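Worksheet: the structure to be examined is printed underneath.
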Amino acid sequence: MNIKAPKLINAIHNEDWRAPIVTYLKGYHEPETKEEEKRMQQRARGYRIINDDLYKASVTAPLLKCITFNEGKQLLKETHEGSCGSHNGSRALVGKAFRQGFYWPTAIKDVASLVQHYEGCQLSAAHSNR
């Protein structure tokens, strides 16, 4: 009789984009196929765990602390509306967030939505087009 060793199952039920990467880097994720293993290796290779926090690594930039989608949206909103805020374009606003040391994968999409729905930006854009 050939008995296989039990697999560790790590059910992830939250919406945190970081969870699969963290579980893979910590060795808690056991891919079922070689393709899945390769995909997770490629996805996780640009990340590091330091003191239980996930960071995005880069060859030319400092480590960026990975934050949730909601934290990222809140950071954009506070940066945009704060005392140092301005009605800059989307990429400039994301650049500020990244220079503050934070990262999340939907930053460009999130800032585009913020700027598109922010009344002050629409007024500023309409005024500059005159």
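For the stretch 39-72: of the residues being among the β-branched types (V, I, T) and in contact with a helix residue (DSSP H, G or I) (Cβ under 9 Å, 6 or more places away or on another chain), which is least open to solvent (accessible area, probe 1.4 Å)? If we take residues in the stretch 39-72 being among the β-branched types (V, I, T) and in contact with a helix residue (DSSP H, G or I) (Cβ under 9 Å, 6 or more places away or on another chain), then I67 is least open to solvent (accessible area, probe 1.4 Å).
Got a number for residues in the stretch 98-117 being at pLDDT 90 or above and among the small types (G, A, S)? Adding up the residues that qualify gives 2.
Only residues that are out of contact with any strand residue (DSSP E or B) (no Cβ under 8 Å at 6 or more places or on another chain), without any contact (Cβ under 8 Å) to a residue 40 or more places away in the chain and not small (G, A, S) were counted across the stretch 51-70, and they come to 6.
Do you know which of the residues in the stretch 38-64 that are assigned to a strand (DSSP E or B) and not basic (K, R) is farthest from T23 (Cα to Cα)? This residue is L64.
With respect to the conditions (1) farther than 26 Å from S113 by Cβ; (2) in a helix (DSSP H, G or I); (3) modelled with pLDDT under 95, E35 falls short on a single one, namely (3).
The values are calculated or read from the model by the stated rules, or taken from the named source; none is laboratory data. From a predicted model like this one, the values you see are computed outputs, not experimental measurements. All Cβ positions, glycine included, derive from the backbone under ideal geometry; neighbour counts span all protein chains shown. Ligands, DNA and RNA are stripped out before the accessible areas are found, and what is left, the full protein with its side chains, is counted by its heavy atoms. Shrake-Rupley method; radii C 1.70, N 1.55, O 1.52, S 1.80 Å.
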